[in-house]
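The values are calculated or read from the model by the stated rules, or taken from the named source; none is laboratory data. Just so you know, these numbers come straight off a predicted model, no measurement behind them. Counting neighbours? That spans all protein chains shown, and the Cβs are built from the backbone with ideal geometry, glycine included. For the accessible areas, the whole protein counts, side chains as well, though only heavy atoms, and no ligand, DNA or RNA atoms are used. Shrake-Rupley method; radii C 1.70, N 1.55, O 1.52, S 1.80 Å.
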Amino acid sequence: WGVFSVPAWGSEWFWWHWQGQRNAAYERFVRTRFPPGTTYAEFAPHFTAYDFQPRQWAELFWRAGARYVVLTTKHHEGFTNWGSPRSWNWNSVDVGPHRDLVGELGEALRERNLRYGLYHSLMEWFNPLYLADKKNGFKTQNFVVKKMMPELYDLVLKYKPDLIWSDGDWEAPDSYWNSTSFLAWLYNDSPVKDTVVVNDRWCNRCSCRHGGFYNCADKYRPGTLPDHKWEMCSSIDKLSWGYRSNMSIAEVMDEASIIEELVQTVSLGGNYLLNVGPTKEGVIVPIFQERLLALGRWLDINGEAIYESRPWRVQMENSTDTVWYTSKGQVVYAIFLLWPRDSVLKLCSPIPCPATQVTMLGYAGTLKWQEETPGKGLLITLPYMLPSPLPPQSGWAVKLEGV
């Protein structure tokens with residue numbers, strides 16, 4: 001969420017595609033819609049956040065089943081969504097909303113007992129200090145010392161985040177960014193030293209190697225169970241993370257795809273961070289709200305198989321990628337994404353015993369089962385579903401006790 005929500009076209013990388021790459025489509029877009037000589041800075045007063053209701057956002061995220069929320073404090077454009085003293089006239093208090101967006105959302109989320117994460121880009125595409133350091137082969141650190149680090153410390157001291165989601169790291173080494181000294185302060189001396197969590201984007205070779213949890217790459221999907229805590233970050237708009245006014249329904253993830261991504265991620269031990277790009281007025285558009293609320297309704301029924309769960313010894317059935325496992329203590333959950341034709345669910349991996357009990361989340365009573373082959377596997381008779389011309393909603397969980 002930032003000044004890129006004003007042109008609301010292409011993606012949140014609008015400024016770079018337009019002025020950094022001189023992309024013809026972006027140049028044409030500005031030429032046909034804005035007065036001659038328009039600069040990116042002139043978009044900022046139109047980033048009004050007139051309709052931004054932090055409590056409504058917090059309620060939406062809470063109803064969506066979120067346990068933590070991450071807000072853009074500053075993207076690669078350098079505009080800060082709080083009144084940074086190091087970002088004169090290029091922040092949400094001096095220009096545009098004239099509001100502390102970071103602070104307001106933080107208060108609303110904490111009323112709902114949701115954890116608060118802050119996204120922060122290390123680099124700024126067109127900051128003269130950054131460009132000068134870059135020209136010097138990152139041997140000078142004027143940008144880091146005068147702009148970036150003071151803002152990062154400011155964010156931690158002012159808002160005491162539960163999570164710092166770093167980005168914009170890929171052009172320079174950690175010795176340029178001063179990542180190690182900042183993280184040492186964060187974990188040893190900062191006001192959040194005992195609670196804070198960070199990701200892995202702190203230098204050009206840090207991804208998937210250093211960090212509290214790994215992102216590795218946007219929309220990253222490991223094929224097998226990673227040995228380190230990780231997070232899958234995805235976006236409901238398949239083509240952008242910022243709001244686009246010309247988004248079409250075909251470019252929006254459907255409910256089944258979101259549930260499938262969540263289930264696969266959690267089964268492999270990951271967290272799921274699902275992005276929505278708000279408008280310049282601060283509205284989360286109805287189609288995004290609808291998707292989030294649908295996910296929340298699914299979690300109301302099936303959350304027991306998701307929250308506080310751990311990967312099981314098997315993550316998915318080898319024969320199909322439509323059955324995924326999670327576990328909690330002695331209980332195993334099998335989450336299946338497609339309803340089997342004959343309403344008999346075949347699981348090859350669990351080893352049952354005479355005392356094995358099978359139930360389905362959201363359904364009263366126990367389910368009948370039999371061994372698939374002696375000593376291994378289960379054939380579970382699912383509840384009868386009324387015939388329907390539409391495929392049933394996506395994703396159900398059976399709870400296996402005593403396997």
- [ ] Might you report the magnitude of the Cβ-based charge dipole of the stretch 255-303 about its Cα centre, with Lys and Arg at +1 and Asp and Glu at -1, to the nearest 20 debye?
- [x] 100
TODO: Mind listing the lone cysteines of the chain, meaning no other Cys beta-carbon sits under 4.7 Å from theirs?
DONE: Cys233, Cys348, Cys353
TODO: Normalising by the residue count of the stretch 208-364, find the relative contact order in percent from Cα pairs under 8 Å and 6+ residues apart.
DONE: 17
Task: Nearest-20 debye value, the stretch 204-355 charge dipole, Cβ charges on Lys, Arg, Asp, Glu - done: 440
TODO: Grab the Cα-Cα distance for Thr39 and Gln357, subtract it from 0.36 nm times how many residues apart they are, and report the gain in nm with one decimal.
DONE: 107.9 nm
Task: the stretch 310-401: relative contact order in percent, alpha carbon pairs under 8 Å with at least 6 residues between - done: 31
Task: Antiparallel %, DSSP beta bridges [both residues in the chain], to 5 - done: 60
Open item on the list: Tell me the per residue accessible area of the chain using a 1.4 Å probe; a whole number in Å² is fine.
Closed with: 47
- [ ] Using just the helices of the chain, give the 222 nm mean residue ellipticity in deg cm²/dmol: DSSP H runs with n ≥ 4 each add -39,500 (n - 2.57), and the total is spread over all residues, rounded to 500.
- [x] -7000 deg cm²/dmol
Open item on the list: What is the percent carbon and sulfur in the accessible area of the chain, measuring with a 1.4 Å probe over the protein chains and ignoring ligands?
Closed with: 53
- [ ] Only Lys, Arg, Asp and Glu count, each charged at its Cβ (+1, +1, -1, -1), so figure out the dipole size of the chain about its Cα centre, rounded to 20 debye.
- [x] 400
Open item on the list: With unit charges on the beta carbons (Lys and Arg positive, Asp and Glu negative) and the dipole taken about the Cα centre of the stretch 3-305, which residue among Ile301, Ser121, Val285 sits farthest to the positive side?
Closed with: Ser121
- [ ] Check cross-link reach from Lys193 to the aspartates and glutamates: straight Cα distance under 17 Å, and skip same-chain residues fewer than eight apart.
- [x] Asp154, Asp162
Task: Inter-site label distance for Arg297 and Asn204 at 7 Å from Cα along Cβ, in nm - done: 4.9
TODO: Among Gly269, Ser179, Pro374, pick out the residue whose Cα is farthest towards the positive end of the charge dipole of the chain, where Lys and Arg carry +1 and Asp and Glu carry -1 on C-beta, about the Cα centre.
DONE: Ser179
TODO: Tell me the label-point distance for the pair His46, Ala364, using the 7 Å Cα-to-Cβ offset, in nm and rounded to one decimal.
DONE: 5.7
TODO: Relative to the longest principal axis of the C-alpha atoms of the chain, give the angle of the C-alpha long axis of helix 149-159, reported between 0 and 90° and rounded to the nearest 10°.
DONE: 60
- [ ] Could you work out how far helix 101-111 tilts from the main Cα principal axis of the chain, as a 0 to 90 degree angle to the nearest 10?
- [x] 30
TODO: State the extension gain, in nm to one decimal, for the chain segment bounded by Gln330 and Glu111, taking 0.36 nm per residue of separation less the distance between their alpha-carbons.
DONE: 75.4 nm
Task: Computed FRET value (nearest 0.05) for Tyr384 with Glu281, which takes r as the C-beta separation and R₀ as 51 Å - done: 0.60
- [ ] Mind pulling the angle between the C-alpha long axis of helix 24-33 and the longest principal axis of the chain? Nearest 10 degrees, somewhere in 0 to 90.
- [x] 70
Open item on the list: Over the chain, what is the relative contact order in percent, taking alpha-carbon pairs closer than 8 angstrom and at least six residues apart?
Closed with: 14
TODO: Select from Phe138, Phe14, Val93 the residue farthest towards the positive end of the dipole of the stretch 3-305; place +1 on Cβ of Lys and Arg, -1 on Cβ of Asp and Glu, and compute about the Cα centre.
DONE: Phe138
Task: Pairwise label distance in nanometres, Ser248 with Asn142, each label 7 Å out on the Cα-Cβ vector - done: 4.7
